[in-house]
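Q: Shown below is the structure under consideration.
The values are calculated or read from the model by the stated rules, or taken from the named source; none is laboratory data. As the structure is a prediction and not an experimental result, all values here were calculated from the model. Positions of Cβ are backbone-derived with ideal geometry, glycine not excepted, and every protein chain shown enters the neighbour counts.
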Amino acid sequence: MTSPNKQLPANTILDNFRIKKTLGGGGFSIVYLAEEIDSGKEFVLKEYMPSRLAKRDTNETVMPRDDSTVLAFQKGRMMFFQEASTLATLQHNNIVNVRSFFRANNTVYMALYYEPGKELQQYIVKHQGGLSEKLILTIFPPIINALKIIHEHGYLHLDIKPGNIHIRSGGRPLLLDFGAVHQRQLSRQDQIGHITSQGFSPLEQYRKNGYMGPWTDIYSLGATIYACMNGRPAPPANERHDNDTIKPAVTAFRKQYTKSLLEAVDWALEVDPECRPQTLDAFLEALPALEDKHKSLSERLWEKITPGVTRAK
């Protein structure tokens, strides 16, 4: 028999942690607030629990949903463990830090340092979009720099969205939820399956052999900034490919934000992967700094290419 509740109950002991409550979860995992028994400190505990592949029996063991999901469940569990070990080596102020990871209940757990704050999604819902340009330019450059570390290690995040960006005091962002992180493959044939987030995942994530790279995470960054402005996600990329009804940011939000920021968002949101920025450095350079946000994207790119040369108007 299986339990009707897929979450572990409060006071469950796992390794050196006691679960206090469930915080949430997504397609890959369940997230708990837990207490480290030895120190009494609070941690976030993530459990590999893919909702489409697994179920929990009455003794809390996680198991494949049926015979058809056994291989996919086992492969995902192996990758979750490998990715946890990789994340433990990624030290960055804007990447959630891994305390430990371990196996139990036929699955894998990751203990993450807990930091008070709110998800970016909560700010978007509260204000119905229209977040200030200052806030956007405070949050996203550090997130981009954090992603650069991930990309330099040969990984892609593949699930950037407002719910996975945590805002601490002072507007300090923290990139969360690495359950979808995968190694970047060198060919289309090597690409692996994954879930998508409507409005935030680009076209290539919907396709079995879609060729993914830094431009994939860049689309999600652009879509997340768009949601900060719009209050809701852009139309799904697969729908945009067939009938693109999105109103460009330079038109939709021209009265609220500087042109250079809007141009950068539209560039990142190109449906065709080859039309987007191909590297995080390129996208970061397209975003205005707070001190030069009045300049257009073309003006700042011109200054980078030809420093000290005045561009003809």
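Q: Need the failing condition index for A88 against (1) closer than 27 Å to L175 by Cβ; (2) buried (at least 18 other Cβ atoms within 10 Å of the Cβ); (3) in contact with a strand residue (DSSP E or B) (Cβ under 7 Å, 6 or more places away or on another chain), just the number.
A: Every listed condition holds for A88 apart from (2).
Q: Something else about it: Mind checking which residues of segment 29-45 are closer than 15 Å to T107 by Cα and touching a Phe, Trp or Tyr at 6+ places or on another chain (Cβ under 7 Å)?
A: Within segment 29-45, S29, L45 qualify.
Q: Among the residues of segment 277-313, write down those that are of a type in the set (G, A, S), outside any helix (DSSP H, G or I) and at pLDDT 50 or above.
A: Those that are of a type in the set (G, A, S), outside any helix (DSSP H, G or I) and at pLDDT 50 or above: A289, S296.
Q: Follow-up. Could you tell me whether L137 is closer than 18 Å to A286 by Cβ, in contact (Cβ under 8 Å) with a residue 60 or more places away in the chain and of a type in the set (A, V, I, L, M, F, W, C)?
A: In short, yes.
Q: Within segment 27-44, does at least one residue satisfy the condition of being in a loop (DSSP other than H, G, I, E, B) and crowded, with 16+ Cβ neighbours inside 10 Å?
A: yes
Q: Of the residues R56, R18, which is free of Cβ contacts under 8 Å to residues at least 60 places away in the same chain, buried (at least 18 other Cβ atoms within 10 Å of the Cβ) and part of a strand (DSSP E or B)?
A: One residue alone meets the criteria, R56.
Q: Which helices (runs of 4 or more DSSP H) does segment 59-160 wholly contain that include 1 or more residues that are in contact with a Ser or Thr (Cβ under 8 Å, 6 or more places away or on another chain), at pLDDT below 90 and of a type in the set (A, V, I, L, M)?
A: none
Q: Specify which of the listed residues (M110, M49, M78) is surrounded by fewer than 17 Cβ atoms within 10 Å (Cβ to Cβ), within 20 Å of D177 (Cα to Cα) and out of contact with any Asp or Glu (no Cβ under 6 Å at 6 or more places or on another chain).
A: Sole residue among the options that is surrounded by fewer than 17 Cβ atoms within 10 Å (Cβ to Cβ), within 20 Å of D177 (Cα to Cα) and out of contact with any Asp or Glu (no Cβ under 6 Å at 6 or more places or on another chain): M78.
Q: Can you go through S220, S201 and tell me which one is at pLDDT 80 or above, outside any helix (DSSP H, G or I), under 23 Å from I136 (Cβ atoms) and polar (S, T, N, Q)?
A: One residue alone meets the criteria, S201.
Q: Hey, another quick one. When both residues are 6+ apart or on different chains and their Cβ atoms are under 8 Å apart, which pairs have a first residue that lies in segment 267-291 and is under 21 Å from D242 (Cβ atoms), and a second that is small (G, A, S) and in a loop (DSSP other than H, G, I, E, B)?
A: As it stands, the answer is L269/A234; P273/G213, since those pairs meet every condition given.
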